[in-house]
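The structure under discussion appears below in the form of structure tokens.
The values are calculated or read from the model by the stated rules, or taken from the named source; none is laboratory data. From a predicted model like this one, the values you see are computed outputs, not experimental measurements. Counting neighbours? That spans all protein chains shown, and the Cβs are built from the backbone with ideal geometry, glycine included. With ligands, DNA and RNA removed, areas are computed over all heavy atoms of the protein, side chains included. Shrake-Rupley method; radii C 1.70, N 1.55, O 1.52, S 1.80 Å.
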Amino acid sequence: MVAMVDIKMGDCWSHTKDQFDNLEKHTQWGIEFVERYNKFVKDRTEIEISYAKQLRNLSKKYQPKKNSREEEEQRYTSCQAFLAILNEMNDYAGQHEVIAENMSGLIFAELSRYIQELKQERKSHFQEGRRAQQHIESCWKQLENSKRRFERDCKEAERAQQHFEKMDNDLNVTKADVEKARQQAHTRHQMASDSKNEYSSVLQNFNKEQHEHYFTNIPNIFQKIQDLDERRIVKVGESMKTFSDVDRQVIPIIGKCLDGITKAAESIDEKHDTQLVIEAFKSGFEQPGDVEFEDFSQPMKRTVSESSLSNSRSDGKQESKGGKSKGKLWPFIKKNKLSLKLGSGPEDFSNLPPEQRRKKLQQKIDEINKEIQKESDQKDGLIKMKDAYIKNPQLGRPETVDPRLAEIEQTIEKLRQESQKFEAWLAEVEGRLPVRTDQPKRSSEMPELQSTVVNNCAQDRESPDGSYTEEQNQDPELKVAAQCEFDDEFDDEDVLAAIGTCKAMYPFEGQNEGTIAMAEGETLSVIEEDKGDGWTRVRRNDDEEGYVPTSYVEVYLDRNTKGAMTYI
């Protein structure tokens, strides 16, 4: 890493010291860089965790609520596709959690451990370098001291020699003084010689230490520091590659999530969804027949259609009763208005169209059966508890369970009675009575018309503009008068011509006002066909008229009146 140059001793030491300082700064920066990169990985991990959490919350937020309309909407393929997308997004969030987990374990934790090792190794290398530097400096100081001592001893020996020569040439100096000067000069020369030998030895040792320092120790230390820095760089590169691999590993699974979203989108079936809407809201009513042409230019008796019912009757009554105008009773059409006004439908859902009513009744039966099953499970548990008490009286007294068992029995019995009631209504709606296989079911309208419309015929009135008024709070006299008016309408109006015949398939009591009783197999004249409300107007022996359920009769219309048709 650092090329050493053979220069002067002081410059060399200074140069080495400078290189140590530079390397120390560089390696410190390298460690700080790794720490910075590791902090980046940690922040990325936190982002992935937060993103995964937000995705999971988003998926949970739009999950359909239990026992809500959203749960019912899961019948539609588009809603099912959206639910599949929410589940895929939940799995998608899971992959981001995997990314965060792998980055935390494979990169952040690993680099954190490596950084600590790197700091320890760097510290040891620079401590070793400082010891080597201190050692060579100590050797240099020893050499300097030996050199100065040798120099001093040489100077002292030279001065002693000069003093001896001066004393020896001086005739006034005694022989003893000369001998003393000679001995002193000899001692100084000996000391100089010893200092020289010591200096030579120290110098030789220093040169050896210096050579080892600059050619062995320092290069080895620098090489270790270089290796440390290179390993750091390699480690950072490997971590960056792992950073990429962590993402790459989850790409196939994320791709599967995206494929799942695409598959969910492609599974949407618009025909299926619209068919569900049709099944959910279809009424079960048959389509009305064509409205007949009424020729008012000819004085003749006409078949009264629904559209002309009020007009013909009203006109006839006004003419026969001196133009007196009264509210018209409409007992067999638009029968749902009253229940809607009252704010809540009847218990048997007779205010609903047949198909909707059937579904509501079936739903109610299912709910009751669930309650029965729930109570039965509680009953079984209590029976087991009672048996345990009988076998082991220490657990409790068996008779304490009896009141609760009796209560559950009563609840189950009530629920069964309730279920039987709804099943009876459902049987009427589904037309469980024996019918011909080639006949369309229309008995679903019967309970609704009998229980709701006919019974409330004196309560529903419709003005010419189609609006309803409630008659529940009328005075009794007004109610009787209204019923009489209704009867008068049948008595006073012109006799309608028969447009066909019908045969009773089932007996009908005809207890409600405006209806007529009939026996099974009886043949009656049809004077007004079903207008879509489930009732046909018939006559018996030209003197008794009324309405019968269309589903109870087999209707044969005259060909000259209307194309031959059969209703069941």
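Extension gain, residue 196-residue 175: 0.36 nm per intervening residue step, less the Cα-Cα distance, totals 4.4 nm. Look at the Cα gyration tensor of the stretch 131-187: its axes a ≥ b ≥ c give a/c of at least 1.5 with a/b over b/c, and that counts as prolate.
Equivalent ellipsoid semi-axes for the stretch 37-178, as square roots of 5 times the alpha carbon gyration tensor eigenvalues: give them largest first, rounded to whole Å.
Numbers: eigenvalues 1923, 16, 11 Å².
Semi-axes from the Cα gyration tensor: 98, 9, 7 Å.
In the stretch 236-281, which trypsin sites (Lys or Arg not before Pro) are in a loop and have at most 11 other Cβ atoms within 10 Å, using DSSP for the loop call?
Values: sites: 241, 248, 256, 263, 271; in loops: none.
Nothing satisfies the criteria.
From the largest down, the stretch 196-302 spans 164, 22, 15 angstrom on the principal axes of its Cα atoms.
The residues of the stretch 41-94 present an accessible area of 67 Å² per residue when probed at 1.4 Å with all protein chains retained. Estimated at 0.36 nm per residue, the fully extended path between residue 168 and residue 245 surpasses their Cα-Cα distance by 18.1 nm.
Where in the stretch 67-111 does the label zone of residue 268 land, with the point 7 angstrom along Cα→C-beta and an amide N cut-off under 11 Å? Within reach of a label on residue 268, which here means backbone N under 11 Å from a point 7 Å along Cα→Cβ, the stretch 67-111 contributes 77-82.
Once neighbouring chains are kept in place and the probe is 1.4 Å, which whole percent of the accessible area of the stretch 347-433 is contributed by carbon and sulfur? C and S fraction of accessible area: 49 percent.
By how many nm would the segment from residue 32 to residue 69 lengthen if fully extended, with 0.36 nm per residue of separation less the alpha-carbon distance? Display every interim value, and only then the final one.
On the way: separation 37, 0.36 × 37 = 13.32 nm, distance 5.82 nm.
Gain on extension, residue 32 to residue 69, equals 7.5 nm.
In whole percents, the pair-distance distribution calculated for the stretch 107-251 from its alpha-carbon pairs, binned every 5 Å from zero, is 2, 9, 11, 10, 8, 8, 7, 6, 6, 5, 5, 5, 4, 3, 3, 2, 2, 2, 1, 1, 0, 0, 0. Each of 257, 275, 244 was scored by the projection of its Cα onto the charge dipole of the stretch 232-297, and the greatest displacement toward the positive side belongs to 244; charges sit on the C-beta of Lys, Arg, Asp and Glu.
Between residue 84 and residue 215, the simple label model (points 7 Å from Cα in the Cβ direction) yields a spacing of 8.0 nm.
In the context of the full protein assembly, residue 253 retains an accessible surface of approximately 70 Å², using a probe radius of 1.4 Å and ignoring ligands and nucleic acids.
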